[in-house]
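The values are calculated or read from the model by the stated rules, or taken from the named source; none is laboratory data. Computed from a predicted structure; not experimentally measured. As a convention, Cβ positions derive from the backbone with ideal geometry for all residues, glycine included, and neighbour counts pool all protein chains shown. The accessibility values were calculated without ligands, DNA or RNA, using every heavy atom of the protein model including side chains. Shrake-Rupley method; radii C 1.70, N 1.55, O 1.52, S 1.80 Å.
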Amino acid sequence: MLDQIHTDIIARLAPDLSAQGLQTLEAYPELQRSVALPAVLLELSELAPDDFSDATVGFQARFTAYCIVDPIPDTADMDVRNLAAEVATRIIQEQDFGNAAVMERAEVLSIGPNEWKPELDGYLVWAVQFSLGVSVGEGYWRFDPAPGVAVTTITVGDCAIVHGENYAAPGEHTDAGGADTPLASIHETLPQA
């Protein structure tokens, strides 16, 4: 599930960023190896529980896109800022990255110099942090009835057709009292202490 979200983010960002000269766009590598620069390395950095009321397990997934450039060119300071700004813009534009598990659109949380990855100290690196609300797993609300329970009638629309003359719409007063009786009417009939 989460690996597919990684794949979808990379796939949706790649065309526009590659057209602007990006050489590497991939998940943050665990093994140390060289990558062509400029590069954007994507890392899922945190999952926090969330509830999207869709009966699945929900998380706020926090991602960091490390924007990396060669520090030698005279324009390197502006290059890394421009790359980070372009990545952030694309993240905002993509919103859900075409993945059905994304329940809340992408929100960019911060853009700034990287201070957390010492292995990147020899490069100019800015980090774009963003979050996505993601739904993981199957829903725990089933639309099938419980074993032994049969649904025989579902009424949609005018309930008076089913209930006949005794039906009172919500908020209407009936002599019988009950769930549809306004609270003020019930209090009027209570004995005074």
For this session: Would you please name the residue that is farthest from the chain's Cα centre (by Cα), looking only at residues in region 116-133 that are hydrophobic (A, V, I, L, M, F, W, C) and surrounded by fewer than 20 Cβ atoms within 10 Å (Cβ to Cβ)?
Result: 120
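Name the residue that is surrounded by the fewest Cβ atoms within 10 Å (Cβ to Cβ), counting only residues in region 25-37 that are in a loop (DSSP other than H, G, I, E, B) and free of Cβ contacts under 8 Å to residues at least 40 places away in the same chain. Give the steps one after another, and end with the answer.
First, pick out the residues of region 25-37 that are in a loop (DSSP other than H, G, I, E, B): 28-37.
Checking which are free of Cβ contacts under 8 Å to residues at least 40 places away in the same chain leaves us with 28-31, 33-36.
Working: 28: 16, 29: 12, 30: 7, 31: 4, 33: 6, 34: 7, 35: 14, 36: 8.
Checked region 25-37; the qualifying residue surrounded by the fewest Cβ atoms within 10 Å (Cβ to Cβ) is 31.
Within region 10-24, track down each residue that is surrounded by 15 or more Cβ atoms within 10 Å (Cβ to Cβ) and either modelled with pLDDT under 90 or within 20 Å of residue 95 (Cβ to Cβ) (or both). Please lay out each step first, then the result.
Pass one, region 10-24, residues surrounded by 15 or more Cβ atoms within 10 Å (Cβ to Cβ): 10, 12-14, 16-17, 22, 24.
If the condition is that a residue be surrounded by 15 or more Cβ atoms within 10 Å (Cβ to Cβ) and either modelled with pLDDT under 90 or within 20 Å of residue 95 (Cβ to Cβ) (or both), then 10, 12, 13, 14, 16, 17 are the ones that fit.
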Problem set entry | Where residue 7 falls short, out of the listed (1) part of a strand (DSSP E or B); (2) of a type in the set (Val, Ile, Thr); (3) open to solvent by 60 Å² or more (accessible area, probe 1.4 Å) | (1)
Exercise. What are the pairs, 6+ residues apart or on separate chains, where a residue within region 39-51 that is farther than 18 Å from residue 97 by Cα has its Cβ under 8 Å from a residue that is outside any strand (DSSP E or B)?
Worked result: 39/22; 39/23
For this session: Please enumerate the residues belonging to region 55-81 that are closer than 18 Å to residue 34 by Cα, assigned to a strand (DSSP E or B) and touching a Pro at 6+ places or on another chain (Cβ under 9 Å).
Result: 67, 68, 69
Exercise. Which of the residues that make up region 29-60 are at pLDDT 85 or above and among the aromatic types (Phe, Trp, Tyr)?
Worked result: 59
Problem set entry | Residue that is surrounded by the most Cβ atoms within 10 Å (Cβ to Cβ) [pool: residues in region 62-79 that are among the aliphatic types (A, V, I, L, M) and under 14 Å from residue 28 (Cβ atoms)] | 65
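For region 86-104: of the residues being of a type in the set (A, V, I, L, M) and open to solvent by 50 Å² or more (accessible area, probe 1.4 Å), which is farthest from the chain's Cα centre (by Cα)? Steps first, please.
The initial filter retains those residues of region 86-104 that are of a type in the set (A, V, I, L, M), namely 87-88, 91-92, 100-103.
Next cut, open to solvent by 50 Å² or more (accessible area, probe 1.4 Å) only: 92, 100, 103.
Details: 92: 12, 100: 10, 103: 4 Å.
Of everything passing the filter in region 86-104, 92 is farthest from the chain's Cα centre (by Cα).
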Exercise. Does region 79-114 hold any residues that are without any contact (Cβ under 8 Å) to a residue 12 or more places away in the chain and more than 17 Å from residue 6 (Cβ to Cβ), and which are they?
Worked result: 82, 89, 93
